[in-house]
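The structure under discussion appears below in the form of structure tokens.
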Amino acid sequence: MVKHASPGTLACERAWVNIDLKALENNVRQIKQQLLPQTALMAVVKADGYGHGAVTVAQTALANGATWLGVATILEGIELRQADINAPILILGATHTVQEIEAIVRWQLQPTLCSPEQALIFSRHLQHPLPIHLKVDTGMSRLGPIWQQGATFIEFVSRLPNLKIASIYSHLATADDADSSFMLQQQSRLQDVLSRIQAQDIPLPKLHLANSAGTLVGPQFHYDLVRVGLALYGLYPAPHFQQAIALQPVMQVKARITQIKTLPAGSGVSYNHTFTTEQPLTVAVVGIGYADGVPRSLSNQMNVIIRGRLAPQIGAITMDQLMVDVSDVPNLQVGEVVTILGQDGKASISAETWADALGTISYEIVCGFKHRLPRILVNSDVPQRL
């Protein structure tokens, strides 16, 4: 669990993460404006709120229009309940054991069922009706029966005691792609499943299909509920969505300069001397490294921002520190703040920038910042706390 700290402590003496609650509020409201009045918003706060702090994100999202929360695990749901959050919480991952069922009941969580065997386990061990959600695989090839077996699965579960079907849902595999053909095929497959169960006189519960990308595509994918994760945090599933909504990044990563020195020409920098100075350089050592979540594979490929200008990182990124060429920044002092990710003045470095350089996605970047980096609430009307 990420703990939020006060800036008046040692939290900001080395490196930290700023969480901008005003940006988060903006994003929730912007997303809500995309939805029809009858469509509810689920804030997906798994992976500790994508590294932003699940409890704080959940509280802020609920205060600004979300009515559901989504997590991956039971423990994530329990953390929210222990913070006195009473909104319905959907567990997006699969659960099977008696111990898991007991915890789900105790903490009033709502599980996803994705196989007949799992449904039988739940039904046999429940003493009272429990809201459950049925997932059908329409093309993600992950949880749920394949769509051709979806109607049979739903009909089977509908006859089991103590299982109250609260929703039927699926997950889009390619909604961030500009080519919507497979997304439309997934929707058609879901509609086929729904038509089949309606033909068996099984009443339709709530329906949901859209993740962040599907939500931004348009209301034809919204149904009764949308499950929004990435967009909450101010990140776009793909560049073409930037025209659809004005999101603000919620996370900024900061660190301080711990030493400044001048290196002569021909000096090797950091492990294995992957960078060698060709002329005298002023180098700043910055107190953040790969143990904090700065990928070592970005060595010699990334910039940081100092006093509103970009400065190149040089040499191998080490566990706790990295080095920066600050030759173009005059009179720099130890203790000055460096922006690792975020905006300072006109200069900006986004999670997408890192993701593009590494051939990955922004989700992995923001989830990668470790818990030894304190999270500092900024632009917040609520008291900051350790």
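The values are calculated or read from the model by the stated rules, or taken from the named source; none is laboratory data. Source: prediction; values computed, not measured. Because the Cβ atoms are built from the backbone with ideal geometry, glycine has one as well, and the counts that use them run over all protein chains shown. Accessible surface is based on the protein model in full, side chains and every heavy atom, while ligands, DNA and RNA are left aside. Shrake-Rupley method; radii C 1.70, N 1.55, O 1.52, S 1.80 Å.
Give me the pairs, please: first residue somewhere in segment 361-386 and not assigned by the TED database to the domain that holds ALA47 and open to solvent by 80 Å² or more (accessible area, probe 1.4 Å), second residue anywhere and modelled with pLDDT under 95 and of a type in the set (S, T, N, Q), beta-carbon distance under 9 Å, and either six or more positions apart or on two chains.
Filtered contacts from segment 361-386: PRO383/SER6; ARG385/SER6; LEU386/SER6; LEU386/THR9.
Among the residues of segment 77-118, write down those that are charged (D, E, K, R) and either open to solvent by less than 30 Å² (accessible area, probe 1.4 Å) or out of contact with any helix residue (DSSP H, G or I) (no Cβ under 7 Å at 6 or more places or on another chain) (or both).
Listed by number, the residues that qualify are ARG81, ASP84, GLU102, ARG106, GLU117.
Mind checking which pairs have a first residue in segment 234-262 that is basic (Lys, Arg) and a second that is open to solvent by 80 Å² or more (accessible area, probe 1.4 Å), Cβ under 9 Å, 6 or more apart or different chains?
That search, which allows pairs on different chains as well, returns ARG256/GLU13; ARG256/VAL334.
I need a count of the residues in segment 34-76 that are part of a loop (DSSP other than H, G, I, E, B) and either open to solvent by less than 10 Å² (accessible area, probe 1.4 Å) or closer than 17 Å to LEU109 by Cα (or both).
Residues meeting the conditions: 9.
Criterion first (modelled with pLDDT of 95 or more, at positive phi and not hydroxyl-bearing (Ser, Thr, Tyr)) does GLY77 satisfy it?
It is false that GLY77 is modelled with pLDDT of 95 or more, at positive phi and not hydroxyl-bearing (Ser, Thr, Tyr).
Out of the residues in segment 273-289 that are of a type in the set (Gly, Ala, Ser) and assigned to a loop (DSSP other than H, G, I, E, B), state the one that is nearest to THR262 (Cα to Cα).
Once the filter is applied, the top-ranked residue is GLY287.
Of the residues in segment 212-233, how many are in contact (Cβ under 8 Å) with a residue 60 or more places away in the chain and of a type outside the set (D, E, K, R)?
13
Suppose the filter is on the phi < 0 side of the Ramachandran plot, touching a Gly at 6+ places or on another chain (Cβ under 6 Å) and assigned to a loop (DSSP other than H, G, I, E, B); does ASP292 pass it?
no
Quick one: would you say LYS164 is closer than 17 Å to ILE197 by Cα, at pLDDT 95 or above and open to solvent by 30 Å² or more (accessible area, probe 1.4 Å)?
yes
Of the residues GLN279, GLN187, GLN243, GLN200, which is over 22 Å from THR353 (Cβ atoms) and either of a type in the set (Lys, Arg) or at pLDDT below 95 (or both)?
Among GLN279, GLN187, GLN243, GLN200, only GLN200 is over 22 Å from THR353 (Cβ atoms) and either of a type in the set (Lys, Arg) or at pLDDT below 95 (or both).
Given (1) in the same structural domain as LEU332 (by the TED database); (2) without any contact (Cβ under 8 Å) to a residue 40 or more places away in the chain; (3) farther than 22 Å from VAL337 by Cα, where does VAL285 come up short, assuming only one miss?
(3)
How about segment 304-347: which of its residues are closer than 22 Å to ILE19 by Cα, open to solvent by less than 70 Å² (accessible area, probe 1.4 Å) and part of a strand (DSSP E or B)?
Within segment 304-347, VAL304, ILE305, ILE306, VAL337, VAL338, THR339, ILE340, LEU341, GLY342, ASP344, ALA347 meet the criteria.
Looking at the structure I just gave you, is THR174 in the same structural domain as ALA40 (by the TED database), of a type outside the set (A, V, I, L, M) and surrounded by fewer than 23 Cβ atoms within 10 Å (Cβ to Cβ)?
yes
Out of GLY53, GLY49, GLY77, GLY65, report the one residue that is without any contact (Cβ under 8 Å) to a residue 40 or more places away in the chain, in the same structural domain as GLY229 (by the TED database), within 26 Å of GLY368 (Cβ to Cβ) and within 19 Å of the chain's Cα centre (by Cα).
GLY77
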